[in-house]
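The structure under discussion appears below in the form of structure tokens.
Only the coordinates and a few stated rules stand behind these numbers; no lab work does. Because the structure is a prediction, the values reported are computed rather than measured. We place every Cβ from the backbone using ideal geometry, glycine too, and count neighbours over all the protein chains shown.
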Amino acid sequence: MSERSGNDARPLSPRLSIYRWQPAMIASISHRATGLVLVLFVPLYLWLLHGMTGTADHFTDVTRWLHSGFGKFSLWLVGVSLAYHFCNGIRFLTIDAGWGESREAMRRSAQLVLGLTALAALVLAVLL
């Protein structure tokens, strides 16, 4: 392994705190975060499905939860995560196909995805 000289102030491994945050960097990190949110909500999806197809008491419980503030917020969060993850997934597929690989194109596509997600968040907030 190489040793650090006394004059070298750089860290051995880069940290997020030393980077200048770029739209493409935010888009990549957010893609992972929204994927995690979607996976963590699978038990909730299963509970909702069970409540909708189960007994009348289960249906009442699920309906009550869906109309609560926390239920609406959870649905909004999942909806926004799904919209973002979908749009950014298409962005990554186009980059993998060789379209828009320049820095400027990646920056613009990341800004487009963030803008579309903000629009989806507003639409979902109004609908819920």
statement: Here the residues within the range 45-63 that are in contact with a helix residue (DSSP H, G or I) (Cβ under 8 Å, 6 or more places away or on another chain) and among the charged types (D, E, K, R) are D61
task: For the range 98-128, enumerate the residues that are more than 18 Å from L75 (Cα to Cα), over 15 Å from the mean Cα position of the chain (by Cα) and not basic (K, R).
output: G98, W99, G100, E101, S102, E104, A105, M106, S109
statement: V80 meets each of (1) of a type outside the set (S, T, Y); (2) surrounded by 16 or more Cβ atoms within 10 Å (Cβ to Cβ); (3) over 30 Å from L44 (Cβ atoms) with one exception, condition (3)
